[in-house]
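The values are calculated or read from the model by the stated rules, or taken from the named source; none is laboratory data. In this text the structure is predicted, and so the values were computed from the model without any measurement. Here the Cβ is made from the backbone with ideal geometry for all residues, glycine too, and neighbour counts use every protein chain on show. The accessibility values were calculated without ligands, DNA or RNA, using every heavy atom of the protein model including side chains. Shrake-Rupley method; radii C 1.70, N 1.55, O 1.52, S 1.80 Å.
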Amino acid sequence: MNWTVSTPSKTIRIATSVGAAIILPGHSSKDIFAKADRGLYEVKSSGKNGFRIAPSTWSICEAAL
């Protein structure tokens with residue numbers, strides 16, 4: 001995800017990587033954040049500047065990797 005912000009004196013490039021997870025009933029906040037974190041690391045390992053939504057099928061063990 002990239003944005004360019006221009007001002008009268010300069011242009012600034014903003015880039016970000018995002019990992020997200022869908023909140024499902026019965027999952028702890030720790031598990032949800034672990035899945036989102038894994039998504040973030042997948043984005044970073046594939047070149048950065050993107051986003052990944054963790055599939056609800058990822059197991060807790062996979063999310064911890």
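If I stretch the segment between ILE22 and SER6 completely, what's the gain in nm (0.36 nm per residue apart, minus their alpha carbon distance), one decimal?
2.3 nm
On a 0 to 90 degree scale, rounded to 10, what angle separates helix 29-45 from the longest Cα axis of the chain? Between the helix axis and the principal axis of the chain, the angle is about 50 degrees. A Cβ-based charge dipole, computed about the Cα centre of the range 1-52 with Lys and Arg at +1 and Asp and Glu at -1, lands at about 180 debye.
With a 1.4 Å probe rolled over the protein heavy atoms of all chains, the accessible area of ASP37, ASP31 falls in the order ASP37, ASP31, largest first.
Counting only protein heavy atoms and a 1.4 Å probe, tell me what percentage of the chain's accessible area is made up of carbon and sulfur.
Carbon-and-sulfur percentage of accessible area, whole number: 60.
For LYS44, the lysines whose Cα comes closer than 26 Å to its Cα, not counting residues fewer than 8 places off in the same chain, are LYS30, LYS35.
In the range 5-44, Rg over Rh equals 1.31, where Rg is the alpha-carbon radius of gyration and Rh the Kirkwood radius from pairwise Cα distances.
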